[in-house]
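The block underneath contains the structure these notes are about, expressed in structure tokens.
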Amino acid sequence: MTGPLSAAPRQPTGPRHAARPDDQRIGFRQGLRDSMIVAKRNLLRMIRIPEIVIFGMIQPIMFVVLFSYVFGGSINIPGAGLDREAYREFLMGGIFAQTVTFATAGAGAGIAEDMQKGIIDRFRSLPMARGAVLTGRTFADLVQTAVTLVVLAIVAFLVGWRAHEGPTKTLAAFGLLLLFGYAFTWIGALIGLTVRSPEAATSGGLVWLFPLTFISIAFVPSENMPGWLQPVAEWNPFSATVLAVRELFGNLPEGYRAPDSWPMQNPVLASALCSVAVIVFFRKQAVRKYRQATG
Amino acid sequence: MPGAIYAEGLVKTFGDVRALDGVDIDVPEGTVLGLLGPNGAGKTTTVRVLTTLMRPDKGRAEVAGLDVLKYPNEVRRSIGLSGQFAAVDDYLTGRENLQMVGQLYQLSARDAKRRADELLERFNLAEAADRTAKTYSGGMRRRLDLAAALIISPPVMFMDEPTTGLDPMNRQALWEVIEELVASGATLLLTTQYLEEADRLADTIAVVDHGKVIARGTSDELKSQSGGDVVEVVVHDRARLAEAEEVLRRLGAGETTRVEHTRKLGVPAPGGARTLAEVIRELDALGIEMDDIGLRRPTLDDVFLSLTGHAAGADGGEDPPPGAAPDGPPDERARTRDQVRKKVSR
């Protein structure tokens, strides 16, 4: 027969050609290319189901409005007292950081959904890099997180928040937030692979985020907490991220003195280290789990 | 030398269930093997092992001359898989789906695009190419899935129940595509519950049940195993049933079957058409009126029944539980089974 069915370039894989024992090792370049292809697929999905992205933005915007108008003025900020304007500045670092962690749920639900459908068999039967299905998803979530941050920054600007430390530090703050959010998508990936239902992955990706983000310095300074809770809040990596972006945005009140614990004294380093550690550990676990998933 | 698809002693258990219980398969290059069996027989598990989706507990398998367990990624470069549940992304267009799969087969973006266009045209999807797959009908989704499996014109193809759930028109269309594909020289392993499908598409058939291959051969070989041709006649007048049966006994070979209430008689007829003609002449000469007469070749259904004692499509060897909807009217089903049992016991 002639025509399209036989017209494609045959792969140079003759029968019983001597397979090299290392043929399993797919290079970094191919891994990156495959991940970008999968990322593109996930971004197209996000564009075509915009509800998910839009709802993802509503919550942080609501938090900005609620916290700055409802709580503002009733929470004591070290160095600024009960000043409403100071709380608004102080608050934004917390909301930014909390927002990027919500990417966990999206990544988890997306991967759980893929695992339930036939499409995962298609991917697993293709000569593509093993981690690319997961990495591609986390790349797409990173893009979504970035878009959400931009929208949130605009809303924050409208309610009076400002970055005071110049473009370099401002970009560094957003970079740190994106890194932190990216780390959380790998936690989400592992959750999605473990629970294997999109609904469970969504709630499983969110429940623990509330204690994590609230037992922190994000909304209330640790000085206002009971003594036994203070070290928990200060060593919470989420707090380090929040404090780091506050520093980089210049959102801390004049007289603010950070608590004495190490992550509070070195918040940028603490946050970056934590993000990298989470990525390395959870990526490894998730890719292993993916490979075993249906075997 | 082992064929393009080769498996030896595959075993896979899920908890207490032995999904594969020593499956052996050998498909010579350029031929089609039909893996025929009911739900839960182990067909899909076999395909999953051969397509690197699942590691067997025991046994070994080679596809395109490569060990599936040692070189899974090399194997993936040589195979195309089309499944029972169309593995396409609902939110991507037909074109985007095919381009993505092409690129993940490591074609360049340009080659993937060209190939996607060709296949969309070939599979009658060109008009729907820029609509999301969500809007496709069942038949279109299946065609898109098959197109995805053909992106690189792989030398070895696996199709897991490609037409399950399709209406007759779409099934016919898909069969034609598969036939073309096979004519172009690909090796194909096809699983099916449809005996007609295996009969039409496969060079050889392996019948699987409870994780084992219980019979193999060409369609004709399997059919002759279950008794060859049968002359069947429906006598108009019940009173002359005995007389007609006497004729069949004389002209046929072996025991006659007789179903009183449908006035239907049957006898093995190794002489085929010649025996049929003789029977017609004789009955005519005796003035016995016939409502229907014909030469029935045993179907693969008969083969399956005679091999396993249960019908293809049933989940186990038991009769369907009361309330379960069988394929035909219950008495019809029972009757067919009785007939076959009789035939087997001869």
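Looking only at residues in the stretch B:126-157 that are touching a Lys or Arg at 6+ places or on another chain (Cβ under 8 Å) and more than 20 Å from B:GLN84 (Cβ to Cβ), the one that is modelled with the lowest pLDDT is B:SER153. The single condition among (1) part of a helix (DSSP H, G or I); (2) farther than 24 Å from B:VAL88 by Cα that A:MET115 does not meet is (2). Of a type outside the set (Gly, Ala, Ser), surrounded by 20 or more Cβ atoms within 10 Å (Cβ to Cβ), assigned to a loop (DSSP other than H, G, I, E, B) and more than 11 Å from chain A (Cβ to nearest Cβ) - does that describe any residue in the stretch B:55-72? Scanning the stretch B:55-72, I find at least one residue that is of a type outside the set (Gly, Ala, Ser), surrounded by 20 or more Cβ atoms within 10 Å (Cβ to Cβ), assigned to a loop (DSSP other than H, G, I, E, B) and more than 11 Å from chain A (Cβ to nearest Cβ), so the answer is yes.
Against the numbered list (1) within 30 Å of B:TYR71 (Cβ to Cβ); (2) surrounded by 21 or more Cβ atoms within 10 Å (Cβ to Cβ), A:ARG33 comes up short only at (2).
Here the stretch A:199-238 is the region considered, the condition is being of a type in the set (A, V, I, L, M) and in contact (Cβ under 8 Å) with a residue 24 or more places away in the chain, and the residue that is nearest to A:PHE55 (Cα to Cα) is A:LEU206.
Here B:ASP167 fulfils each of the conditions (1) surrounded by fewer than 19 Cβ atoms within 10 Å (Cβ to Cβ); (2) closer than 19 Å to A:ARG122 by Cβ apart from (2). Scanning the stretch B:1-17 for residues being within 14 Å of chain A (Cβ to nearest Cβ), hydrophobic (A, V, I, L, M, F, W, C) and more than 24 Å from B:ARG77 (Cα to Cα) gives a total of 1.
Could you check, for the stretch B:217-227, whether at least one of its residues is loosely packed, with under 15 Cβ neighbours inside 10 Å, charged (D, E, K, R) and free of Cβ contacts under 8 Å to residues at least 24 places away in the same chain? Yes, there is a match, as at least one residue in the stretch B:217-227 is loosely packed, with under 15 Cβ neighbours inside 10 Å, charged (D, E, K, R) and free of Cβ contacts under 8 Å to residues at least 24 places away in the same chain. The single residue among B:LEU92, B:LEU150, B:LEU107, B:LEU125 that is within 22 Å of A:GLU113 (Cβ to Cβ) and of a type in the set (A, V, I, L, M) turns out to be B:LEU92. If you go through the stretch A:96-155 and keep only what is more than 10 Å from chain B (Cβ to nearest Cβ) and among the charged types (D, E, K, R), you end up with A:GLU113, A:ARG137, A:ASP141. Taking the condition among the hydrophobic types (A, V, I, L, M, F, W, C), more than 7 Å from chain A (Cβ to nearest Cβ) and either over 25 Å from the mean Cα position of the chain (by Cα) or surrounded by 19 or more Cβ atoms within 10 Å (Cβ to Cβ) (or both), does B:LEU20 pass? In short, yes. For the stretch B:173-190, a tally of residues being more than 14 Å from every other protein chain (Cβ to nearest Cβ) and either within 22 Å of B:ASP301 (Cβ to Cβ) or at pLDDT 90 or above (or both) returns 2.
Of all the residues in the stretch B:145-169, those that are away from chain A (no Cβ under 13 Å) and assigned to a helix (DSSP H, G or I) number 2. Residues of the stretch B:73-96 that are of a type in the set (Gly, Ala, Ser), under 24 Å from A:GLY110 (Cβ atoms) and assigned to a loop (DSSP other than H, G, I, E, B): B:GLY83, B:ALA86, B:ALA87. Regarding B:ALA277, is this residue more than 30 Å from B:THR44 (Cβ to Cβ), among the hydrophobic types (A, V, I, L, M, F, W, C) and either surrounded by fewer than 21 Cβ atoms within 10 Å (Cβ to Cβ) or at pLDDT below 80 (or both)? It is true that B:ALA277 is more than 30 Å from B:THR44 (Cβ to Cβ), among the hydrophobic types (A, V, I, L, M, F, W, C) and either surrounded by fewer than 21 Cβ atoms within 10 Å (Cβ to Cβ) or at pLDDT below 80 (or both). You will find that of B:ALA215, B:ALA198, the residue that is in contact with a Gly (Cβ under 9 Å, 6 or more places away or on another chain), within 30 Å of B:PRO56 (Cβ to Cβ) and among the aliphatic types (A, V, I, L, M) is B:ALA198 and no other.
Listed by first and then second residue, the pairs linking a residue in the stretch B:91-115 that is free of Cβ contacts under 8 Å to residues at least 60 places away in the same chain and at the interface with another protein chain (Cβ under 9 Å from one of its Cβ atoms) to a residue that is assigned to a loop (DSSP other than H, G, I, E, B) and small (Gly, Ala, Ser), with Cβ atoms under 6 Å apart and 6 or more places separating them unless they lie on different chains, are B:ARG115/A:ALA8.
Of A:PHE63, A:PHE55, A:PHE67, all but one fail to be away from chain B (no Cβ under 14 Å), assigned to a helix (DSSP H, G or I) and in contact (Cβ under 8 Å) with a residue 40 or more places away in the chain; the exception is A:PHE67. Considering the conditions (1) within 13 Å of chain A (Cβ to nearest Cβ); (2) within 19 Å of the chain's Cα centre (by Cα); (3) not hydroxyl-bearing (Ser, Thr, Tyr), B:ALA41 is excluded by exactly one of them, (1). Taken over the stretch A:153-174, the residue count meeting the criterion of being touching a Phe, Trp or Tyr at 6+ places or on another chain (Cβ under 7 Å) and more than 25 Å from A:LEU269 (Cβ to Cβ) is 0.
The values are calculated or read from the model by the stated rules, or taken from the named source; none is laboratory data. Worth saying up front: this structure is predicted, and the values here are computed from it rather than measured. Note that we place each Cβ from the backbone using ideal geometry, even for glycine, and neighbour counts take in every protein chain shown.
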